[in-house]
Amino acid sequence: MELEILSGAARLACYLANPPVADAGPPTLVLCHGYPSTALGAADTNRSYPELADRIANEGWRVLTFAFRGCGRSSGDFSLDGWLQDVLSVADHLHAMGDTRGVWLAGFGTGGALCIAAAARRPEVKGVAALGAPADFKDWANHPRRLVQHARDIGAIHHDDYPPNTDVWARGLHDIKPADDASEVAPRPLLVLHGSDDESVPVFDARVLGDSHGDAELRIITGAAHDLRHDPRAVAILLGWLDRERHRSG
């Protein structure tokens, strides 16, 4: 089912998948995509996530996936703090809906890092899965104007006059620190999943996130690259973790 959720001034295009068997209060998952690749672009970056949402829903979850602002059919322009607000807005919307055992967050790449940051700010979130997630955004923070241009090139920034102030826009790159936030997620469960051959985010970042949490389930997939969304081993590990969380919550 398609729906729209407001996140500040942005309208987020969302897809909601319900479990096939009616269940009073199923667990609910927010499923987040990552930063768009140059090859795919912002318009198509989340196109396969409804399929993954349906697959997870078949395992007994209510799943909501969405396009971050600036991506897919969502309005707005990319900023890291804006994307964090998107995760928080979706999670808050699902909490307000009620009729659930709780809300979990799962994301890939930048989306996974922001799930950790969002859970640190929402103690009611039950758990987080972060796949291929960076421990910080220092590389972006060191070159904010280059990032603005890249976001414009891939279609995540649509307006010529955005951002009105690059220094203000870049604050989120400094202020959002998943490695610090992971400690705030504890003792809630955290799955940190990474590819050993990730070409975008060093595998060391996964260890930093796991160490910060203190009791994370850390899984390194041998030979896997950054795009874990299409690695069947990564999806199987995610499904297994979600199955354990569902039974634990029941």
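Per-residue answers, yes or no, for (1) polar (S, T, N, Q); (2) out of contact with any strand residue (DSSP E or B) (no Cβ under 8 Å at 6 or more places or on another chain); (3) touching a residue at least 24 places away in the same chain (Cβ under 8 Å):
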position	(1), (2), (3)
Cys14	no, no, yes
Val21	no, yes, yes
Asn58	yes, yes, yes
Ser74	yes, no, yes
Gly107	no, no, yes
- Message: With the requirement that a residue be surrounded by fewer than 23 Cβ atoms within 10 Å (Cβ to Cβ) and of a type in the set (A, V, I, L, M, F, W, C), what does the range 31-52 give you?
- Response: Ala39, Leu40, Ala43, Leu52
- Task: Report, by residue number, each residue of the range 94-140 that is over 15 Å from Trp61 (Cβ atoms), of a type in the set (A, V, I, L, M) and in contact with a Pro (Cβ under 9 Å, 6 or more places away or on another chain).
- Result: Ala113, Leu114, Ile116, Ala117, Ala120, Ala130, Ala133, Ala135
- Taking only pairs six or more apart or across chains, which ones have beta-carbon atoms under 7 Å, a first residue in the range 156-183 that is under 30 Å from Asp215 (Cα atoms), and a second residue that is among the aromatic types (Phe, Trp, Tyr)? Leu173/Phe137; Leu173/Trp140; Ile176/Phe137
- Note on the structure: For the range 19-42 the number of residues that are modelled with pLDDT of 95 or more and touching a Lys or Arg at 6+ places or on another chain (Cβ under 6 Å) is 2
- Query: Of all the residues that make up the range 92-144, how many are out of contact with any helix residue (DSSP H, G or I) (no Cβ under 6 Å at 6 or more places or on another chain) and assigned to a helix (DSSP H, G or I)?
  - Reply: 14
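Residue-wise test of (1) assigned to a loop (DSSP other than H, G, I, E, B); (2) within 13 Å of the chain's Cα centre (by Cα); (3) closer than 20 Å to Gly132 by Cα; (4) of a type outside the set (A, V, I, L, M).
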residue: Val21; (1), (2), (3), (4): yes, no, no, no
residue: Pro26; (1), (2), (3), (4): yes, no, no, yes
residue: Ser37; (1), (2), (3), (4): yes, no, yes, yes
residue: Leu40; (1), (2), (3), (4): yes, no, yes, no
residue: Glu51; (1), (2), (3), (4): no, no, yes, yes
residue: Phe68; (1), (2), (3), (4): yes, yes, yes, yes
residue: Gly76; (1), (2), (3), (4): yes, no, no, yes
residue: Asp86; (1), (2), (3), (4): no, yes, yes, yes
- Message: Checking the structure you have, find out if any residue of the range 81-104 is under 22 Å from Leu40 (Cβ atoms), in contact with a His (Cβ under 9 Å, 6 or more places away or on another chain) and either without any contact (Cβ under 8 Å) to a residue 12 or more places away in the chain or not aliphatic (A, V, I, L, M) (or both).
- Response: no
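The values are calculated or read from the model by the stated rules, or taken from the named source; none is laboratory data. Note that the coordinates shown come from a computational prediction; the quantities given were computed from them, not determined experimentally. Ideal geometry is used to build each Cβ from the backbone, glycine not excepted, and the neighbour counts take in all protein chains shown.
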